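Here the structure is laid out as structure tokens; the discussion comes afterwards.
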Amino acid sequence: MITVNLVEKSYRNGDVEHKVLKGISLTIETGEFVVLLGPSGSGKSTFLNCISGLERIDRGSVCYDGTDITRMKERELTAFRRKKTAFVFQAYYLMPSLTAEMNVRMGANLVGKKDVVPLLEAVGLKGKEKKYPSQLSGGEQQRVSIARAIAKEPEVLFADEPTGALDEETGRNMLRYLIALQRERKITLVMVTHNENIACLADRIVRMNSGRIISDEKNSPKTVDEIGW
Amino acid sequence: MITIKDLRKAFGLSFVVLCAVYLGALFESFRLDQLELDPSAFDELAKALYEAQLAQAKMMNIIALGVIGAFAVVTLVFSVSKYVDDNRANMGILKAIGYTDFQISVKFVLFGLNALVGGLVGYLACLATVPAFYAEMNEGSGYPAVTFSFRLSVPLFYVVVPAVAFSLLGVLFAYRKLKRSPLDLIRGTERQGKTKKMKEGKTFLSTLRKTVLFRHGSLILFVGFAALCFGGTVQMSFSMDGFGVSPMFFWMMFLIAILLGVSVLYLAFSFLFQANKEYVSLLKAFGYSDAECVKALFGGYVSVSVIGFAVGTVYQIGIIYLIIELFKDVAELTYTFSVNGFFIALGLFVFTFAVIALYFFKKLKLLTLKKAW
């Protein structure tokens with residue numbers, strides 16, 4: 001369980017301090033699929049980075065099963081990320097000089113997993129193991145990044161606008177893979193999106209605006225085929 | 001577009017040119033002044049020393065212009081390439097709104113300023129050391145003292161010509177680098193078929209280490225050259241100490257090699273760090289430790305350094321035998337391998353490598369995905 005309590009975060013631009021998160025509190029259950037929904041600039045990506053341990057917060061606490069990660073030293077935080085979390089980003093963030101297989105191995109290596117081909121097969125990339133990111137389409141690259149995230153067997157998967165750079169068909173396929181893997185492996189999935197339709201896929205929808213949570217509702221998840229785009 | 005601040009970042013180029021010009025101008029001035037003398041009136045021994053010193057000056061010129069000069073060209077290409085890569089989005093936008101490749105690349109003429117500054121400082125340093133250097137060379141020569149005369153041809157050839165040549169080369173190489181579509185430059189996509197292929201290793205980290213190493217082929221040359229400076233020239237200053245060379249020669253060689261080696265290694269690692277920031281930040285986000293990231297980044301260069309140092313050791317032995325050959329009619333020089341010199345040079349190189357890697361290790365700790373991508 002992730003317990004977020006009164007988290008605040010500001011950025012300084014010259015003399016001007018810009019408060020991005022204004023005292024956010026939230027609890028996410030293990031195995032839950034939560035969507036953070038909001039317009040650009042609402043603070044959802046910053047919030048995702050803060051609760052995943054990628055960024056330090058100014059005030060408040062973020063606890064994983066009772067352990068406050070905000071009090072951890074850098075080395076402990078690295079070990080925490082290594083063990084618990086994985087990420088899927090809008091811009092994929094694949095290493096261009098490594099093949100699809102080796103990109104996935106980056107995640108697998110952390111848990112001592114040798115064979116990553118089944119993971120690539122699971123995301124529909126059989127036969128493309130030796131391709132470089134530049135030789136793959138956007139959707140295929142995003143699937144590599146999903147396989148890379150899943151390869152490290154995370155307890156929590158953070159996805160920041162994972163369909164943001166994809167067309168509708170590719171985006172839908174990508175979400176099918178992602179949600180199927182989340183359900184099958186009972187991973188906690190926290191996804192950021194500004195798309196109301198995609199939000200309908202989650203167990204819970206947390207709406208954000210101007211650095212605050214404006215609503216937090218349980219949802220009866222729809223399937224990818226049921227939603228509009 | 002290119003500012004003086006940008007040129008400051010290419011200080012490595014100025015420094016390499018400085019070393020080449022300093023050594024080249026010093027020995028060339030001496031050689032030209034020596035040629036003013038008439039050796040026919042000298043006795044046999046003085047004549048032999050005269051010939052040997054002429055040959056030595058020629059050899060030092062070859063090293064200065066050939067080895068260090070060629071390396072200065074590599075540094076220029078590297079600096080221009082780095083500048084284009086760092087500013088590719090801006091250049092892509094300029095191309096997109098209608099600027100031609102030539103209009104953009106002509107600004108790179110300013111890189112000649114780096115060579116001009118390095119050349120000027122090198123030449124001034126040469127003038128400053130001329131009295132001590134000439135006194136050293138004249139001591140016990142057995143023929144009339146060589147006196148310094150100012151010749152315009154020396155600063156022209158060693159300062160002005162390289163500055164002009166480097167300006168033109170800068171423009172030419174930038175022009176070549178900009179031969180990509182505006183969109184490719186803006187997005188930062190590699191040229192078709194230009195993606196550097198992965199080098200397979202036993203584990204993910206060893207694959208990454210090898211890939212990083214071969215992704216930046218020119219850096220192998222840089223790190224190898226830095227190791228060669230220590231293994232070759234630093235070691236040579238100790239080896240030649242056995243010939244009874246003056247402290248001035250010892251320190252001249254020692255300091256030039258150390259400064260050249262340190263600055264080239266720093267330059268190479270700084271580029272390596274900049275070029276792989278994205279990789280490292282991603283590794284960190286996924287939970288790889290800072291130590292694992294440093295190993296992936298710099299680890300591949302350990303073997304390059306070992307090879308560079310070994311080549312440097314052999315190179316300095318070769319040069320010493322060449323000097324013995326040059327002076328065989330004048331003095332009986334015997335060479336014994338300096339074990340102390342070997343270990344001091346090795347120790348200094350390992351220390352330099354470790355300190356620079358540690359500096360980037362500290363920088364790496366502050367790296368986040370947000371800052372890097």
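The values are calculated or read from the model by the stated rules, or taken from the named source; none is laboratory data. Note that this is a predicted model, so its numbers are computed, not measured. Note: ideal-geometry Cβ built from the backbone for every residue, glycine included; neighbour counts use all protein chains shown. Surface accessibility is based on the protein's heavy atoms, side chains included, excluding ligands, DNA and RNA. Shrake-Rupley method; radii C 1.70, N 1.55, O 1.52, S 1.80 Å.
Observations
- Using equal-weight Cα scatterers in the Debye expression, the normalised intensity of the protein assembly as shown in log10 at q = 0.06, 0.11 Å⁻¹ is -0.44, -1.06.
- Other residues lying with their Cβ under 9 Å from the Cβ of residue A:37 contribute a combined charge of +1, Lys and Arg counting +1, Asp and Glu -1.
- 12 Å beta-carbon shell around residue B:246, net charge (K/R +1, D/E -1): -3
- Carbon + sulfur, % of accessible area of segment B:1-190 - ligands and nucleic acids excluded, 1.4 Å: 67
- Cα→Cβ-extended label distance, 7 Å offset, between residue B:351 and residue A:58, nm: 4.6
- Ranked by solvent-accessible area (1.4 Å probe, protein heavy atoms only, all chains present), the residues A:101, B:278, B:332 order from largest to smallest as B:332, B:278, A:101.
- Axis angle, to the nearest 10 degrees, between helix B:111-138 and the longest C-alpha principal axis of chain B: 20 degrees.
- Separation between Cα centres of segment B:90-115 and segment A:106-179, rounded to whole Å: 39
- Efficiency of FRET from Cβ geometry, residue A:83 and residue B:99, R₀ 51 Å, rounded to 0.05: 0.50
- Tensor-based shape of chain B (alpha-carbon gyration tensor, a/c under 1.5 rounded, otherwise prolate or oblate): oblate
- Look at the alpha carbon pairs under 8 Å that are at least 6 residues apart: their mean separation over the length of chain A gives a relative contact order of 27 percent.
- Spin-label proximity, residue A:74 to segment B:289-327 - amide N less than 14 Å from point 7 Å beyond Cα toward beta carbon: B:289-294
- Using R0 = 60 Å, the C-beta based FRET efficiency linking residue B:148 and residue B:214 works out to 0.80.
- For segment A:50-76 versus segment B:259-282, the gap between their alpha-carbon centres in whole angstrom: 31
- Across segment A:2-226, Cα-Cα pairs farther apart than 27 Å form 33% of the total.
- Shielding by other protein chains, B:286-298, mean Cβ within 10 Å: 4
- Between helix B:217-228 and chain B: long-axis angle, C-alpha atoms, 0 to 90°, nearest 10: 40
- Modelled spin-label separation between residue A:218 and residue A:129, with each label point placed 7 Å from Cα along the Cα-to-Cβ direction: 4.4 nm.
- Rounded tilt (10° steps) of B:300-326 against the dominant C-alpha axis of chain B: 20
- Label zone at residue A:180, where the point sits 7 Å out along the Cα-to-Cβ direction: segment A:107-142 residues whose backbone N lies under 11 Å: A:121-125
- Across peptide A:50-62, the average count of Cβ atoms from other chains found within 10 Å of a residue's Cβ is 1.
- Of all DSSP beta bridges in segment A:2-226, antiparallel share, percent nearest 5: 55
- Under the criterion of Cα pairs below 8 Å and six or more residues apart, the relative contact order for chain B equals 21 percent.
- GNM result for chain A, Cα springs below 10 Å: residue of A:45, A:134, A:61 fluctuating most strongly: A:134
- Nearest-0.05 FRET efficiency for residue B:85 and residue B:203, computed from C-beta distance (R0 22 Å): 0.15
- Spin-label zone in segment B:34-61 - amide nitrogen under 12 Å from a point set 7 Å from the Cα of residue B:243 along the C-beta vector: B:52-57, B:59-60
- Residue B:9-residue A:6 pseudo-label distance in nm [points 7 Å out on the Cα-to-Cβ vector]: 4.4
- Peptide A:92-100 - average C-beta neighbours from other chains (10 Å radius): 6
- Summed side-chain charge close to residue B:154 - residues other than residue B:154 whose Cβ falls under 13 Å, Lys, Arg +1, Asp, Glu -1: 0
- Pairwise centroid distance, computed over Cα atoms, of segment B:309-338 with segment B:120-155, Å: 24
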